[in-house]
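Visitor: Below are the structure tokens for one structure; questions will follow.
No value in this document is a laboratory result; all are computed from the given coordinates. Everything numeric in this text was worked out from a predicted model, so none of it was measured. FYI the Cβ positions are ideal-geometry reconstructions off the backbone, even for glycines, and counts take in every protein chain you see.
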Amino acid sequence: MTERDETRLWIAQRVSAAVLALFVAVHLVTMIVAVKGGLNAADILGRTRGSATWALFYALFVLAVAVHAPIGLRNIAAEWLQWRGPGANRCCVAIGSFLLMLGWYAVVSVIV
Amino acid sequence: MATQKPEQANLDVAVWRGGADGGYRNYLVPRQDAQTVLDVVTWIQRKLDPTLAYRFACRVGMCGSCAMTVNGKSRWTCRTHVAKVLAHDRLQIGPLANLPIVRDLVTDMREFFDKWARAKGQFAPTATRRDDFARVAPVTTGRRRIDAAIECIGCGICYASCDVVRWNPAYLGPAALNRAWTLQNDVRDGDKEARLRAVSGDAGCHACHTLASCTELCPKQLSPTASIAGLKRATVRAALKGVL
């Protein structure tokens, strides 16, 4: 990767971290306030289904996670496992895509 | 200042001997008032074992050549009093970490200084000898940033204390990046874009995790951490403008 690409990845990780700082706080407070009798999919969907606001909130939340996590994993792979290069990059892109797919799949349930 | 009375007549000193596969050897050294770690090493070399290899020059904290690992932390030994670092009446003195050991307490500093060059630590003049002196007002932001970072003596303590250097041997390290930061703020320098590219990426400022060991241990009380943060901001601005 070029210095330009690395710098852009660094910016993406910092921006996504700033987004996550806000979104994780909202997410945790909501969970603590809303969850009364255990955490299950039916209860969650009962509260959120049809809400464009929550769908948008979690769509962005998932996107931020899918950007932030693989960049961090790439750094950990490089520094702790000495694993760098195209193989490590592809693996991290795959993990990010998987997180995005899982997360947005859940968000679709809120919309539909 | 070491004003306290020595509590014992002798110091128990373990000194690294040999190369990377060497080990610590113990010596008994007479305790003295206001004794520095460099005094201890010199006493061993002159009185006990003349084959001990170590490096020093000025003895007054200017040249940056006597840095060693003392009781687990990198320090300039000429300005480190024994009283300050003594742990359970013992001293352990080793070579700087993150650098190849030549022999005993001497490390190979080539990679450390090569990284200064790789970070474009050379001043790139924009004027000729026929031009007048540049007048840089002390109150300007750039000059203040330079003043805060310029007194580096190249001792390598920050480099030896940096976990990121240990994890990523290509990482330029705090001293080289600190040097680059001073040049980025020098209005007379003409190579700023190329230098920003040199300090970006996996081996550059973006690899820094802001652990701040460099800032904690810098004997000149500089903050390479702040300089690296400045480089990060500068690279982001350059990237957003499309010049990086």
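Visitor: Within the protein assembly as shown, what is the number of lysine pairs with alpha carbons under 21 Å apart, leaving out pairs fewer than eight places apart on the same chain?
Guide: Number of lysine pairs found: 12.
Visitor: Ranking request for peptides A:23-33, B:211-221: highest mean number of other beta-carbon atoms within 10 Å first, then the rest in descending order.
Guide: B:211-221, A:23-33
Visitor: Can you list residues whose amide H is under 5 Å from B:Thr36's amide H, if they're 5+ apart or on another chain and H is modeled 1.01 Å from N?
Guide: Close amide H contacts, sequence-distant or interchain: B:Val82.
Visitor: Sticking with this structure for a sec: Averaged over A:79-92, how many beta carbons belonging to a partner chain fall within 10 Å of each residue's beta carbon?
Guide: Going residue by residue through A:79-92 and averaging, the value is 1.
Visitor: What's the FRET efficiency of A:Ser51 with A:Ala18 using the Cβ-Cβ distance as r and R₀ = 25 Å, to the nearest 0.05?
Guide: My answer for the efficiency is 0.55.
Visitor: Under 5 Å between amide H atoms, partner at least 5 residues away or on a different chain: which partners does B:Cys63 have, H built in plane at 1.01 Å?
Guide: B:Cys58
Visitor: Over all residues in B:237-243, what is the mean tally of Cβ atoms on other chains that come within 10 Å of each residue's Cβ?
Guide: For this peptide, the per-residue mean of nearby foreign Cβ atoms is 2.
Visitor: Which FRET efficiency value, to the nearest 0.05, is calculated for B:Arg130 and B:Arg233 with the Förster distance at 35 angstrom and r the Cβ-Cβ distance? Display every interim value, and only then the final one.
Guide: Details: r = 36 Å, r/R0 = 1.02.
In this case the efficiency is close to 0.45.
Visitor: Any idea how far apart A:Met1 and B:Asp108 come out in nm if each label point goes 7 Å out from Cα toward Cβ?
Guide: For A:Met1 paired with B:Asp108, the spin-label model returns 3.0 nm.
Visitor: Could you work out the mean count of beta carbons from other protein chains within 10 Å of each residue's beta carbon in B:207-215?
Guide: 1
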